[in-house]
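Structure first, then comments.
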Amino acid sequence: MDELKKMLQLNVDEIEPEKVSRFEKKRVLQFVLQKKKNHSMKYIAASCLLAGGIGSTAVFLSPTIASHIPLANQIVEYFKGETSQFQYFEDYATGIDAIQESNGITIEIVDAIYDGTTVTLTFAIETEKDLGEHPSFDKPIKINGEIEGSSVTWTKKRSDTSYVGVITLTPELNGRSPRTVKLTWNPRSVWNHDTNENFEGDWAYEFHLKKIDVKGIKANYRDSKNGFTIFVPSLDITGYTINLHYKIQMPSNYALYNLPYVTGFDVKDEFGNTYEMITNLTGSTTKHAAKGSFTFANIQSGTKELIITPKLYNDNEEIIFDSFEVTISK
C-alpha cells in the first residue's frame with residue numbers, strides 16, 4: 001500500500017525518460033491496436049530510431065495515429081495476395097522505425113532489407129488529408145549518395161486516413177556489393193494522383209543497412225542467338241531473393257537505347273514452380289554491350305535446382321536462348 005501511495009504522488013514531469021527497445025515498442029503498439037481508444041489520453045509516446053543515427057528519442061503521436069500505424073508484418077500482409085515477394089520478408093527485415101511528421105502527414109519507415117543487390121523497405125502513412133488511392137513521393141531514395149537505378153513501389157489505402165506501402169530499389173553499385181549501405185530520403189511532397197494535388201512537407205530519413213547472408217553461386221553461362229550473346233556469370237541466393245547477374249553483347253547495329261527487345265529470364269525449379277521477377281536494372285558498358293541484374297522472389301522450400309531460360313522478346317518476336325541449370329543446395 002505504501003508503494004502504491006508513493007506511485008500516486010509521483011510528479012510525471014520529473015520522471016526521466018528511458019530508452020525503449022524496438023521489441024518493447026512494438027509490443028506496446030500492438031497492445032494499443034488491440035484496445036479501445038482511451039479518449040482521456042492526449043498523447044502516446046513511442047521510441048524510434050531517428051534519421052542520421054542520432055539515437056532514440058520520444059515521438060509523440062495522437063491516439064488516432066498510434067492506432068492506425070501498422071507493424072511490419074501487417075504491412076506486407078496487404079500485398080501477399082498480389083506478389084510472392086514478401087513470403088519471408090519478416091524473417092530477414094531490420095527494424096528502422098523512423099517516424100517523421102510534417103504538414104499533418106506522418107510517415108514511418110518501418111522495416112528494411114538489403115540483400116547485396118536490392119533494398120526493400122516498408123512504410124506507413126497516417127493523415128487526415130486525402131492522398132488518393134495510391135499516393136507517391138516526389139524525391140527518390142539515395143543509396144550511398146546515389147539515386148537508385150530502378151524501383152518498384154506498392155501502395156495501398158487501408159482507410160480514409162491510413163496508407164501502407166513497400167518500395168524495392170536496385171541501386172547503382174557499380175558491380176560492387178558493400179557490406180553496408182547508407183540510405184537517405186528527403187521527400188518534399190506527397191502526390192495525390194487522382195486530384196493531381198501535391199501536399200508539401202519536410203521529412204528527412206537517414207539510416208544504414210547491413211547485408212543479409214548471401215550465397216554466391218557460379219553459373220558461367222554463355223549462349224548466342226541471332227547475333228546476341230548473353231552471359232550469366234553468377235547468381236546470389238538469399239532466403240529472401242534470387243539475384244541473377246548478366247551481360248549482353250549486341251550486334252553492331254544495336255545499342256541499349258535502340259534495342260527493339262526486352263531482356264528477360266524465366267526461372268523455374270525442379271518441381272515446376274515459377275519464380276516471380278521483382279525488379280531489374282540494366283546499364284550500358286560499351287556502345288554495343290550492357291550488364292545488369294534481375295531479382296526474383298525467394299526460393300521455395302526444398303528446392304535444390306533452378307532451371308533458367310534467357311530470352312529477348314517484343315510484341316512480335318521472341319528469341320529463346322538455351323536453358324541452364326544451377327544447383328543451389330546439395
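What ³J(HN,Hα) values, in whole Hz, does the Karplus curve 6.51 cos²θ - 1.76 cosθ + 1.60 give for region 306-317 when θ = phi - 60°, with x put for Gly and Pro?
Whole-Hz 3J(HN,Hα) from phi for region 306-317: 10, 10, 10, 10, x, 7, 10, 8, 9, 5, 10, 8.
Whole-Hz Karplus ³J(HN,Hα) for region 261-277, in order, using 6.51 cos²θ - 1.76 cosθ + 1.60 and θ = phi - 60°, x for Gly and Pro?
Rounded to whole hertz, the list is 10, 9, 7, x, 9, 8, 10, 10, 10, 5, 9, x, 5, 9, 10, 6, 7.
Give me Rg over Rh for region 97-210, both radii from the alpha carbons and Rh done the Kirkwood way, two decimal places.
Ratio of gyration radius to Kirkwood radius for region 97-210: 0.97.
Taking the C-alpha atoms of region 215-327, how large are the radius of gyration and the largest Cα-Cα span, Dmax, in Å?
14.0, 45
Please report the net charge: other residues with Cβ closer than 10 Å to the Cβ of PRO233, K and R +1, D and E -1.
Once all neighbours under 10 Å are counted, the net charge is +4.
For the pairs LYS142/LYS287; LYS247/LYS268; LYS287/LYS311, note any where the Cα-Cα span goes beyond 25 Å. Spell out each step's value before the answer.
Working: LYS142/LYS287 27 Å; LYS247/LYS268 20 Å; LYS287/LYS311 21 Å.
Exceeds cut-off: LYS142/LYS287.
Each reported figure results from applying straightforward, stated rules to the coordinates on display, with no laboratory input. A quick note: this is a predicted structure, and the numbers were derived from the prediction, not measured. All Cβ positions, glycine included, derive from the backbone under ideal geometry; neighbour counts span all protein chains shown.
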